[in-house]
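Asks: Dropping a structure here in structure tokens format, bear with me for questions.
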Amino acid sequence: MCGRFTLSSDDRMWLADAFGVPVEDLDEISELVIPRFNIAPTQEHWIVTAAGEDRAARRASWGLVPDASRVREAARLINARSEDLQRRPTYRDAFRERRCVVPADGFLEWIAGGTRVPRPYWFHRNDHGPLRFAGLYAEPLVVGGVARPASFTILTTAAGDDVAPIHDRMPVLLANDVAVDSWLHAREPVDRLRALLRPAPAGTLARRAVSPRVNSVANDDPACLSEVEAATQATLL
């Protein structure tokens, strides 16, 4: 499961270099290239897709909408289990033809505490570098005369050692540019693509207990990621 994630930089040159996209693409969607500390389902973000042999950045909403009849299901289709990609029609065509990368620098998971308030943890790289989630996307739609942007889902896999103490699933992380190019451009056997959909190696991620402010989608500011003592998290409302 990946129910919230972050991308806290608005440095377009850094983002363009980190995710291999033209800075001009980011200029065109500048209203989305802002620090985000609590990106939530159905909100707009941006994704990276193939553009010939290159990459492009484009706006997209979180929650896959493969056709007009599925608009109301978007909030349920924020994640796709990597084990199901070839079994479920919802994902099969996108896996074959519409793979994307979701730019991030962290993600949030929750663990049940001793009270009714789940305790949030933020996972990020030790060097606070970029994370590249493997995703699938659907093209923009017109529904009831209203244009909707492209949409995306984040692929998940079994939790690796860094995440398993908190949750049993994690986003699929593409380790480097080679993996990104393979995911976006490969015309290779499906087995080679599936080989990318594995848990991140131990030591890839650090975690810290953060403010329960992130429990509300109304909060999206640096305070969401303020470190707190895990034992007292649930009382800091």
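The values are calculated or read from the model by the stated rules, or taken from the named source; none is laboratory data. As the structure is a prediction and not an experimental result, all values here were calculated from the model. Here the Cβ is made from the backbone with ideal geometry for all residues, glycine too, and neighbour counts use every protein chain on show.
Asks: Which one of the conditions (1) more than 16 Å from the chain's Cα centre (by Cα); (2) in contact (Cβ under 8 Å) with a residue 40 or more places away in the chain does Val102 fail to meet, given that it meets all the rest?
Replies: (1)
Asks: Checking Ser30 against (1) exposed (fewer than 14 other Cβ atoms within 10 Å of the Cβ); (2) of a type in the set (S, T, N, Q); (3) at pLDDT 95 or above; (4) under 28 Å from Asp191 (Cβ atoms), which test does it fail?
Replies: So the condition that Ser30 fails would be (4).
Asks: If you don't mind, another one. Can you name the residue in the range 203-237 that is in a helix (DSSP H, G or I) and modelled with pLDDT under 90 and, of all such residues, is surrounded by the fewest Cβ atoms within 10 Å (Cβ to Cβ)?
Replies: By that ranking, first place goes to Thr235.
Asks: Also, I was wondering about something else. Any residue in the range 147-159 that is at pLDDT below 95 and either exposed (fewer than 14 other Cβ atoms within 10 Å of the Cβ) or acidic (Asp, Glu) (or both)?
Replies: yes
Asks: Please find, within the range 119-146, the residue that is surrounded by the fewest Cβ atoms within 10 Å (Cβ to Cβ) out of those that are more than 17 Å from the chain's Cα centre (by Cα) and within 23 Å of Val172 (Cβ to Cβ).
Replies: Asp127
Asks: Which of the residues spanning the range 40-59 are in contact (Cβ under 8 Å) with a residue 24 or more places away in the chain, in a strand (DSSP E or B) and among the hydrophobic types (A, V, I, L, M, F, W, C)?
Replies: Across the range 40-59, the qualifying residues are Trp46, Ile47, Val48, Ala50, Ala56, Ala57.
Asks: Filtering the range 186-221 down to residues that are of a type outside the set (A, V, I, L, M, F, W, C) and in contact with a Gly (Cβ under 9 Å, 6 or more places away or on another chain), which residue is nearest to Tyr121 (Cα to Cα)?
Replies: Thr204
Asks: Take Arg96 and tell me if it is more than 12 Å from Leu64 (Cβ to Cβ), part of a helix (DSSP H, G or I) and modelled with pLDDT under 95.
Replies: It is true that Arg96 is more than 12 Å from Leu64 (Cβ to Cβ), part of a helix (DSSP H, G or I) and modelled with pLDDT under 95.
Asks: Asp84 versus (1) closer than 22 Å to Ala175 by Cα; (2) over 19 Å from the mean Cα position of the chain (by Cα): which is the lone unmet condition?
Replies: In the conditions (1) closer than 22 Å to Ala175 by Cα; (2) over 19 Å from the mean Cα position of the chain (by Cα), Asp84 misses (2) alone.
Asks: Can you pull out the residues in the range 33-80 that are among the hydroxyl-bearing types (Ser, Thr, Tyr), surrounded by 14 or more Cβ atoms within 10 Å (Cβ to Cβ) and under 17 Å from Arg4 (Cβ atoms)?
Replies: Residue satisfying the conditions is Ser61 alone.
Asks: Give the range 167-202 a look and list any residue that's part of a loop (DSSP other than H, G, I, E, B), closer than 17 Å to Glu83 by Cβ and touching a residue at least 40 places away in the same chain (Cβ under 8 Å), or say none.
Replies: His167, Val172, Leu196, Leu197, Arg198, Pro199, Ala200
Asks: Now for a different question. Assigned to a strand (DSSP E or B) and either modelled with pLDDT of 95 or more or under 22 Å from His124 (Cα atoms) (or both), is that true of Glu109?
Replies: Judged against the criteria, Glu109 is a match.
Asks: Residue under question is Asp162, and the condition is that it be of a type in the set (Asp, Glu), touching a Leu at 6+ places or on another chain (Cβ under 6 Å) and in contact (Cβ under 8 Å) with a residue 40 or more places away in the chain; does it hold?
Replies: yes
Asks: Let me ask something else about it. Residue by residue through the range 60-95, note down the ones that are among the β-branched types (Val, Ile, Thr) and free of Cβ contacts under 8 Å to residues at least 60 places away in the same chain.
Replies: Thr90
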